[in-house]
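J.: I have a structure I would like to understand better, so I am pasting it below and will then ask my questions one at a time.
The values are calculated or read from the model by the stated rules, or taken from the named source; none is laboratory data. In this text the structure is predicted, and so the values were computed from the model without any measurement. Using ideal geometry, Cβ is built from the backbone for each residue, glycine included, and neighbour counts are taken over all protein chains shown.
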Amino acid sequence: MLDEIEIEIETEVVVVGAGPTGLTLACELTLAGVETLVLEKLPRRGEHIKGGGIQPRTAELLESRGLLEPLLHRAASREPVGGHFAALPVPLDCTPWQTRHPFPLAVPQWEVEEVLEERALAAGARVLRGTVVSGVEPGDDGVVVTADGLRVRARYLAACDGGHSTVRKLLGLPFPGRPGTHQAVLADIRLSAVSSLVPRQIGHISAMTRSAGGYWAMLVPLGGDRYGLTFGRTNQSGADADVDGDTPVTHEAIAAALQAVYGQETVLGAVDNSSRFSDATRQLEQYRSGRVLFAGDAAHIHPPLGGQGLNLGVQDAFNLGWKLAAAVQGRAPSGLLDSYHTERHPVGARVLHHTSAQRVLADPKPSEDVAALRDIFVDLLRLPDTNRHLAGLMSGLSLRYPLSGDHPLTGQRVPDADLVTEAGPTRLSALFASGHAVLLDLAGAVPAGLRLPPRVDLVRASCADDLGAAALLIRPDGYVCWATDSSADHGDALLAAIAGGLAKS
């Protein structure tokens, strides 16, 4: 803990929460040259397995900042198989979405946090751990945060402090939604003996989830004797459904579930971490409250189905980071920072919606009607169009923002194509390492001598693949905000698109 004597600190942005969302945001802000301070209540990073699935679109975004490679070295061994919808036994095929990362990655959350924190610190961010926020005083021109004898003055506050957000509670903001009706346990464990029922490699979730002895469970092998275990009762009622989320999970309870599902030969050696979670569904009505912005679980919680949580939060941060940096530096056009809520709130609502549907389909003890519905859904998932739709939804690859403009590509991501520039061969993703917007000219559509504002890079290139336009203006988060099919002089329209959607000159 910090000394009780009050210490005054000034910074441009204070981020509360050093999870994947807060640390991604810190990386984005410092990359743009914004002074950033991260406050985290935990004294040290916990080595928890939770939230360890990186979806294809998140992988693309991380790769665009050079953050994917160190995570690939830390990823657990996994079969090359697609994700899932409601744990149904048909893998989702992301190849129609033209991605270099069609399969989810399995990386423990603490490893993700370690990579992100190393990058943020190297770029100049400060991270203070063991710092519990106790007061938030928003004003017209900034925010004052009080935490363990520390008084921080910042121009903006980004609350990334989880589903039980202290910032949200201190501001008295409602968190409407539905309370949880089912509980489950997540545990990082070590096994001293295993039966033939214990999986040897991470595969499709439908083959890794088992039910027996009144429990459902999923064991994820992480190398050596380490496993991630998720389990719950197949029939929650009475006391089982009402257990408080903060009630400790005993060694005996974990051992009982393991042996019920995986046999008496499976012996629990040690429990490294354990926690309870529920299927509660809630979302803030507004992601911005004056100088305070919310991202990740502080803004939305949902049933943990399909590996959406970490990915939704990290993608919140990629959307918010460049906009908040532009606001801090006086480059933001009118309404840019508000567009964070406009664009991301519907995305969060969509995840809440489809995870609620998955919750019904994935019921470990389905009624006769739900079992019939599952059978029909399995048939539908085998249809290419249905599979493509749900693969795009679950992976994030199909996301399209409602940006102004009449070109078909407006608001969409662009596949990571191979390019040839004056400097030689490269990939589209490599153009975003600086966190700048990119004006990609593929057919001489950008007039010579056009003066672009800072943090917009003009790249003239050729591409063997048809990207669907002669020139594209791509935001720092990888989404098209302007495009043209012709090579005519588009100088005025292009500058207007930059000034209205990216930054003032």
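J.: Under 13 Å from HIS164 (Cα atoms) and touching a Pro at 6+ places or on another chain (Cβ under 8 Å): which single residue out of ARG291, ARG282 fits that description? Spell out how you get there, then give the answer.
T.: Working: ARG291 fails: under 13 Å from HIS164 (Cα atoms).
Going through ARG291, ARG282 in turn, the sole match is ARG282.
J.: Answer with yes or no whether THR421 is out of contact with any helix residue (DSSP H, G or I) (no Cβ under 6 Å at 6 or more places or on another chain) and of a type in the set (Ser, Thr, Tyr). It would help to see each step written out before you state the result.
T.: Numbers: out of contact with any helix residue (DSSP H, G or I) (no Cβ under 6 Å at 6 or more places or on another chain): yes; of a type in the set (Ser, Thr, Tyr): yes.
Yes, satisfied.
Yes/no per residue for (1) more than 20 Å from PHE277 (Cα to Cα); (2) modelled with pLDDT of 90 or more; (3) out of contact with any Lys or Arg (no Cβ under 7 Å at 6 or more places or on another chain):
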residue	(1), (2), (3)
HIS164	no, yes, yes
LEU171	yes, yes, yes
THR181	no, no, yes
VAL185	no, yes, no
ARG190	yes, yes, no
VAL198	yes, yes, yes
LEU229	no, yes, yes
GLN236	no, no, yes
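J.: Considering LEU352, LEU381, which residue is outside the structural domain of GLY306 (by TED's automatic domain parsing) and surrounded by 15 or more Cβ atoms within 10 Å (Cβ to Cβ)? Steps first, answer last, please.
T.: On the way: LEU352 fails: outside the structural domain of GLY306 (by TED's automatic domain parsing).
When all the criteria are applied, what remains is LEU381.
J.: State which residue is farthest from the chain's Cα centre (by Cα) when the search covers only the range 367-411 and only residues that are among the aliphatic types (A, V, I, L, M) and within 30 Å of GLY335 (Cβ to Cβ). Break it down stepwise before answering.
T.: Of all residues in the range 367-411, those among the aliphatic types (A, V, I, L, M) come to 370-373, 376, 378, 380-381, 383, 390-391, 393-394, 397, 399, 403, 409.
If we keep only those that are within 30 Å of GLY335 (Cβ to Cβ) as well, we get 393, 397, 399, 403, 409.
Values: LEU393: 14, LEU397: 13, LEU399: 13, LEU403: 21, LEU409: 23 Å.
So the residue we want is LEU409.
J.: Can you tell me how many residues within the range 292-336 are β-branched (Val, Ile, Thr) and over 27 Å from GLU35 (Cβ atoms)? Break it down stepwise before answering.
T.: Going residue by residue through the range 292-336, those that are β-branched (Val, Ile, Thr) are 292, 301, 314, 328.
Those left that are additionally over 27 Å from GLU35 (Cβ atoms): 301.
The number of residues fulfilling the criteria is 1.
J.: Let me ask you something else. What do you reckon, is ASP379 modelled with pLDDT of 95 or more and more than 30 Å from ALA499 (Cα to Cα)?
T.: In short, yes.
J.: Would you tally the residues in the range 351-370 being in contact (Cβ under 8 Å) with a residue 12 or more places away in the chain, over 10 Å from GLY306 (Cβ atoms) and of a type in the set (Ser, Thr, Tyr)?
T.: Qualifying residue count, the range 351-370: 1.
Each row is one residue, and each column tells you yes or no for (1) within 19 Å of GLY478 (Cα to Cα); (2) out of contact with any strand residue (DSSP E or B) (no Cβ under 7 Å at 6 or more places or on another chain).
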{"residue": "LEU320", "(1), (2)": "yes, no"}
{"residue": "LYS323", "(1), (2)": "yes, yes"}
{"residue": "ASP338", "(1), (2)": "yes, no"}
{"residue": "HIS341", "(1), (2)": "yes, no"}
{"residue": "HIS345", "(1), (2)": "yes, yes"}
{"residue": "ALA371", "(1), (2)": "no, yes"}
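J.: Between a residue in the range 186-205 that is outside the structural domain of GLN264 (by TED's automatic domain parsing) and part of a loop (DSSP other than H, G, I, E, B) and any residue that is surrounded by 14 or more Cβ atoms within 10 Å (Cβ to Cβ) and of a type in the set (Lys, Arg), which pairs come within a Cβ distance under 8 Å, given they are 6 or more apart or on different chains?
T.: Qualifying pairs under 8 Å: none.
J.: Can you find a residue in the range 162-169 that is surrounded by fewer than 21 Cβ atoms within 10 Å (Cβ to Cβ), free of Cβ contacts under 8 Å to residues at least 24 places away in the same chain, over 22 Å from LEU310 (Cβ atoms) and not assigned by TED's automatic domain parsing to the domain that holds VAL271?
T.: Yes, the conditions are met somewhere in the range 162-169.
J.: List the pairs whose first member sits in the range 136-156 and is closer than 14 Å to VAL16 by Cβ, whose second member is part of a strand (DSSP E or B) and basic (Lys, Arg), and whose Cβ atoms are under 6 Å apart, counting only residues at least 6 apart or on separate chains?
T.: Once the first residue is closer than 14 Å to VAL16 by Cβ and sits in the range 136-156, its partners that are part of a strand (DSSP E or B) and basic (Lys, Arg) give VAL144/ARG153.
J.: In addition: Across the range 316-342, which residue is surrounded by the most Cβ atoms within 10 Å (Cβ to Cβ) among those that are out of contact with any helix residue (DSSP H, G or I) (no Cβ under 6 Å at 6 or more places or on another chain) and charged (D, E, K, R)? If you could, list the steps in order and put the result at the bottom.
T.: Within the range 316-342, the subset out of contact with any helix residue (DSSP H, G or I) (no Cβ under 6 Å at 6 or more places or on another chain) is 322, 324, 326-331, 334-335, 338-339, 341-342.
Checking the rest, the ones that are also charged (D, E, K, R) come to 331, 338.
Details: ARG331: 18, ASP338: 15.
Of everything passing the filter in the range 316-342, ARG331 is surrounded by the most Cβ atoms within 10 Å (Cβ to Cβ).
J.: Continuing with this model, one more query. Looking at SER434, is it under 25 Å from the mean Cα position of the chain (by Cα), more than 25 Å from GLY33 (Cα to Cα) and hydroxyl-bearing (Ser, Thr, Tyr)? It would help to see each step written out before you state the result.
T.: On the way: under 25 Å from the mean Cα position of the chain (by Cα): yes; more than 25 Å from GLY33 (Cα to Cα): no; hydroxyl-bearing (Ser, Thr, Tyr): yes.
No: the conditions fail for SER434.
J.: OK, next. For the range 99-134, name all the residues that are over 20 Å from the mean Cα position of the chain (by Cα), of a type outside the set (Gly, Ala, Ser) and in a loop (DSSP other than H, G, I, E, B).
T.: Matches in the range 99-134: THR131, VAL132.
J.: Can you tell which of GLU35, GLU63, GLU69, GLU40 is within 28 Å of LEU324 (Cα to Cα), of a type in the set (Asp, Glu) and in contact with a Gly (Cβ under 7 Å, 6 or more places away or on another chain)? Talk me through it step by step, then tell me what you get.
T.: Numbers: GLU35 fails: in contact with a Gly (Cβ under 7 Å, 6 or more places away or on another chain); GLU63 fails: in contact with a Gly (Cβ under 7 Å, 6 or more places away or on another chain); GLU69 fails: in contact with a Gly (Cβ under 7 Å, 6 or more places away or on another chain).
Criteria check complete, one pass: GLU40.
J.: Would you check if there is a residue in the range 328-342 being polar (S, T, N, Q), within 17 Å of ALA159 (Cβ to Cβ) and touching a residue at least 60 places away in the same chain (Cβ under 8 Å)?
T.: Taking every residue of the range 328-342 in turn, none turns out to be polar (S, T, N, Q), within 17 Å of ALA159 (Cβ to Cβ) and touching a residue at least 60 places away in the same chain (Cβ under 8 Å).
Here's the yes/no breakdown for (1) of a type in the set (S, T, N, Q); (2) surrounded by fewer than 18 Cβ atoms within 10 Å (Cβ to Cβ); (3) at pLDDT 95 or above; (4) touching a strand residue (DSSP E or B) at 6+ places or on another chain (Cβ under 9 Å):
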residue	(1), (2), (3), (4)
LEU390	no, no, yes, no
ASP406	no, yes, no, no
LEU409	no, no, yes, yes
ARG413	no, no, yes, yes
ALA433	no, yes, yes, no
LEU450	no, yes, no, yes
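J.: Please enumerate the residues belonging to the range 135-180 that are outside any helix (DSSP H, G or I), farther than 25 Å from LEU31 by Cβ and of a type in the set (Lys, Arg).
T.: Result: ARG151, ARG178.
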